[in-house]
Each structure stands twice: as C-alpha cells, then as structure tokens.
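Encoded as structure tokens, the structure appears first; notes follow it.
The values are calculated or read from the model by the stated rules, or taken from the named source; none is laboratory data. Since this is a predicted model, take the numbers as computed values, not measurements. Using ideal geometry, Cβ is built from the backbone for each residue, glycine included, and neighbour counts are taken over all protein chains shown.
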Amino acid sequence: MSDASGPVAPSIRPYHFYDQHRPTRAWMPTLHTINERFADRSRTALLQHLQQPVKVAPEFTIEVIKHSELIDRLAMPSLLTLARLKPLYGTVLIAVDADLVGLMVESRFGGNGRLPLAAIPNREFAPLEYRAIRLVVERLLDQLAAAWEPVAAFVPEIVRHEVKPAFAAIASPSDLVFVSSFAVTVANGGGKLRIAIPYLLLEPLHERLATSRGIKRDPRDPRWSEEIRSGIGGATTEVNVEFATIEITVGDFLNLRPGSVFEIARPDSVTVQSHGLPLFRGRWGRHGRKIAVRVEERLTTDDRVPIASEPPSKGANSDDAG
C-alpha cells in the first residue's frame, strides 16, 4: 500500500487564499527598473516628436493604493487615456495633467510653453488638443511596451480618452493599483504623467516580476548621448589656412620694413587645418569684401599629411618697395 503521508510532488505548489492577491515587495526592484527604462525611452520619443528640450524623471516611490483613492487624486481637467496591454486582461490608465497637455500641444506647433492653457478651470480640451495629444500618448504606450520587454511582450491598444475621473475607472473601488509618477519638463514648463496598473492585471506575471530583478537598463543611455552630442556641437575650435610659403634669407628678413612686398604664386588649392591637422581642401577667393575659402573636399585619414612635412612652395625673393 502507498503511504499517503509521503513527500508532495514537486509540481504541487501551496496556494494561500489570503496572500495570493496582495502585492509583494519582491516586485518593486523590477518595477523601478521598468520605470527607468520607460523614462529613458519616452524622453527620446518626445524629443523627436516635440522638437523641444524634454526631461522625464520617474519618482522614486511606486505607490500601491486603492483605486478609489487614485480617482480622488486625479485633477480636473486631465487627459485620461484607458488602454489595454494585450494579452493581459484588464485596462491601464495614463493620466496627463492639463499643464503638460498644454505644453505638449503648444510645443508641437512651435511654441515654447508661455501660454497658460491650464489656468482655465474645468475647461474642455479642444479637438485639436485631442488629436495632438493622442499621437503623444500612442508614442508613450509604445515606449511603455518596450520598457516591459524583458519581462513580457505586450501589444498596446487605446480604448478611449476621458476627461472626468469618474468615467476612467479601471478597477473596482477597493482594488489595489500600482501608480508610477513621472515629472515631465518640456521647454519652459512641466507637468506630471501618471501610469496606473491594476494589481490583478499584473498578478499573472507574479513569478517573472519576483525573479527579474537582474534586468538591466539599456546599455545606451539616450540622455547622455544627447548631452554629449549637444556639448560637442557647441564646442569651439580654431581653424586656419596657409595660403603660401616662401623662402628668404636671414638678411632679407632683417631688412623687412613696412611696405615690403612679397611676390607669390597663386596656389591652385589651399588646406584648412585645425591645430596642425589637415581637415579640408578648397579654393580661395573673395566673398564680398573678405578673403574666403570654398571647401571642395573633406580629407580622409589616409589623405591627412602633417602640414609640417609639406615642402614649401618656391616663390620670388622679397622685393623692398619702400
């Protein structure tokens, strides 16, 4: 007879009805890393879309609150987008406050954030604002899905947009939701972006979230890349052009006086250099009242010969005109 008190098969796992539907702190390191990935990616996407300086900074604390408390916190007006992350069952909420909506719309059409659109209380968003911000939210959803890729593959889909928090329910009032907040700065102003995800929506990913602490941020940080590119582009360097070189005796050099004239042959081309390194080759002439060089060729590494090694061009001896 088999012993009923024998060891439990490895495939059987205890199920605790009380603890099964409660958040666990083991998720937090993974969720924080996902937020950092989302901030990096969304900053680059917004920079390309708005053509304005953008900063996206995630808040350190990820809140776990009741859905009813979330609804009470949402300000009027706010652009509230309900979306699905297929194949997960449920809806997530992306809340963009009115300050940020106004900044994004104005920046999209060439402004710099000086118009206080959010100062009008309880106003309705114009159709133009809806269309403009919908494109922004679509890009943010794509970046959110990309940030979650190390854990799970999602296909985002917008369900609808709302303005009143009462119509933006994504869970029951007593259900818990994860709320991630981001401080977004665009041009001369800023606002807040919130992403709320019901706990029950993420519960099927419990094992992955608890064991994916080692997911790394993108090896290429777009924020540093933009800063380095901007810094290099704004750096200054001195360039010079040597039009001709002649050879004279020391005696002739000592006899030079104001008004002395050197006869030189007009060179076919000149070399533009920086700190002794040849960079370009071109022809010299006049641009208005100034002597100028028209660049005709960029010198490659193989073409670059140190200027000091070039033989001097032969010209006539100096002729004292004084």
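Do you know which residues across segment 152-180 are within 16 Å of TYR199 (Cα to Cα) and of a type outside the set (Phe, Trp, Tyr)? Before the answer, list the steps.
Taking segment 152-180 and keeping what is within 16 Å of TYR199 (Cα to Cα), we get 152, 169-180.
Hits for segment 152-180 are ALA152, ALA169, ILE170, ALA171, SER172, PRO173, SER174, ASP175, LEU176, VAL177, VAL179, SER180.
Scanning segment 70-93 for residues that are assigned to a strand (DSSP E or B) and hydrophobic (A, V, I, L, M, F, W, C) gives LEU79, LEU80, LEU82, ALA83, LEU85, VAL92, LEU93. Test VAL250 against the criterion of being at pLDDT below 85 and more than 30 Å from SER42 (Cβ to Cβ), and give yes or no. Considered against the rule, which asks whether it is at pLDDT below 85 and more than 30 Å from SER42 (Cβ to Cβ), VAL250 comes out as no.
Would you mind stating whether GLU226 is at pLDDT 75 or above and among the charged types (D, E, K, R)?
Values: at pLDDT 75 or above: no; among the charged types (D, E, K, R): yes.
In short, no.
Determine whether THR91 is modelled with pLDDT of 75 or more, surrounded by fewer than 14 Cβ atoms within 10 Å (Cβ to Cβ) and among the hydroxyl-bearing types (Ser, Thr, Tyr). Criteria not met by THR91.
Looking across segment 48-95, the residues that are among the basic types (Lys, Arg) and under 20 Å from PRO204 (Cα atoms) come down to LYS66, ARG84, LYS86. Only one of the numbered conditions (1) farther than 14 Å from ALA83 by Cβ; (2) without any contact (Cβ under 8 Å) to a residue 40 or more places away in the chain is not met by THR185, and that is (2). From the list SER107, SER42, SER78, the lone residue that is modelled with pLDDT under 80 and crowded, with 21+ Cβ neighbours inside 10 Å is SER107. Would you please name the residue that is nearest to ALA292 (Cα to Cα), looking only at residues in segment 233-260 that are exposed (fewer than 10 other Cβ atoms within 10 Å of the Cβ) and within 58 Å of the chain's Cα centre (by Cα)? My answer is GLU238.
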